[in-house]
1. How about region 172-188: which of its residues are in contact (Cβ under 8 Å) with a residue 40 or more places away in the chain and either in contact with a Phe, Trp or Tyr (Cβ under 9 Å, 6 or more places away or on another chain) or not β-branched (Val, Ile, Thr) (or both)?
2. Which ones in region 76-107 are of a type outside the set (Val, Ile, Thr), under 24 Å from Thr181 (Cβ atoms) and in contact (Cβ under 8 Å) with a residue 24 or more places away in the chain?
3. Can you tell me which of Val194, Val102, Val122 is part of a strand (DSSP E or B) and either away from the ligand (no atom under 15 Å from the Cβ) or surrounded by 14 or more Cβ atoms within 10 Å (Cβ to Cβ) (or both)?
4. Select from region 172-191 the residues that are within 10 Å of the ligand (Cβ to nearest atom) and small (Gly, Ala, Ser) and write down the one among them that is farthest from Val158 (Cα to Cα).
5. Please go through region 125-145 and pick out each residue that is among the hydrophobic types (A, V, I, L, M, F, W, C), within 16 Å of the ligand (Cβ to nearest atom) and either in contact with a helix residue (DSSP H, G or I) (Cβ under 8 Å, 6 or more places away or on another chain) or outside any strand (DSSP E or B) (or both).
Amino acid sequence: MTHKPGDLPSLTVNCLLRELGGVTMVLTGTAHFSAVVPFDAAFIQPILSREKMGFSVFCFLFEGVEKMMGQQISAGISRTVQTRLVLPPDTNHMGTIFGGTVLAYIDEIAAITAMKHSGKVVVTASIDTVNFLSSARIGNVLILEGVVISTGRTSMEVYVKAECQDIETRERTLTTTAILTMVAVDANSKPTPVPGVIPETEKEKKLFENAQARKERRMKLNEFAKELV
Ligand SMILES: CC(C)(COP(=O)(O)OP(=O)(O)OC[C@H]1O[C@@H](n2cnc3c(N)ncnc32)[C@H](O)[C@@H]1OP(=O)(O)O)[C@@H](O)C(=O)NCCC(=O)NCCS
């Protein structure tokens, strides 16, 4: 919910964002809202009264505040479609495409999708939930589609699906689905904040809603993965 100055008559503060290791929001002074600030009065008022700040300098940590304070952009901005022809070098002795080739395509489209969303260079942090549902054959057309479905502070979840199209029948079959986590990095290869995403389609909205559950599962799996190192 976005509040304008008139929505919070007694809370006239300037907001200055700083990044100090984690995310720190520094509220200072006595002035007025210098911008339309997308946080909720129900969230900020108890903190202010608890700290008895009286509009003196006040700092608190709040994960994701940059995202709340910042831009949120539509999923459509990131949506990317790529079409490929399945050729003999891409296939095994049965004439079906290598899983690794499909993964390479998925990784590439996920990177393009995340870069379009963030406007930044990205790296692949993880590829999970890859499902090879059916295979594409030599001569098939592979249609890949990627879209950002959720964001963290610096990471973006990208959903990719690959469909195989038979040229003669024009019939399309879903061959692969995957969810990847891409992280935006700055010139020093350090993670850097990304805008939030506003899902568009019903499927995107559902995937957006379940993002936290996927993140928790991913973190658990990462714990197991440490044993492999
Ligand atoms: C991904 C990478 C940038 C994370 O760096 P880091 O120093 O661990 O940074 P942080 O711990 O601050 O994590 C940054 C973000 O990455 C996410 N992340 C880190 N490791 C992750 C993993 N294995 N899976 C999913 N997300 C991960 C964190 O959750 C965090 O997201 P958030 O900011 O939205 O909350 C770093 O590990 C890296 O560069 N890895 C190599 C990437 C690469 O070369 N990929 C293959 C070729 S492109």
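The numbers here are math on the coordinates, done by the rules we state, and not lab data. Just so it is clear, the structure is predicted and the values come from calculations on it, not from any experiment. Neighbour counts run over all protein chains shown; Cβ positions are idealised from the backbone, glycine included.
1. Listed by number, the residues that qualify are Leu174, Thr175, Thr176, Thr177, Ala178, Ile179, Leu180, Met182, Ala184, Asp186.
2. Of all residues in region 76-107, those of a type outside the set (Val, Ile, Thr) come to 76, 78-79, 82, 84-85, 87-90, 92-95, 98-100, 103-105, 107.
This time we only want the ones that are under 24 Å from Thr181 (Cβ atoms), so: 76, 78-79, 82, 84, 98-100, 103-105, 107.
Those that are of a type outside the set (Val, Ile, Thr), under 24 Å from Thr181 (Cβ atoms) and in contact (Cβ under 8 Å) with a residue 24 or more places away in the chain: Gly76, Ser78, Arg79, Gln82, Arg84, Gly99, Leu103, Tyr105, Asp107.
3. Answer to the check: Val122.
4. Ser189
5. Across region 125-145, the qualifying residues are Ile127, Val130.
Residues are listed down the side, and each one gets a yes or a no for (1) surrounded by fewer than 21 Cβ atoms within 10 Å (Cβ to Cβ); (2) at negative phi; (3) of a type outside the set (Asp, Glu); (4) within 16 Å of the ligand (Cβ to nearest atom):
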position	(1), (2), (3), (4)
Glu168	yes, yes, no, no
Lys206	yes, yes, yes, no
Ala213	yes, yes, yes, yes
Asn222	yes, yes, yes, yes
Lys226	yes, yes, yes, yes
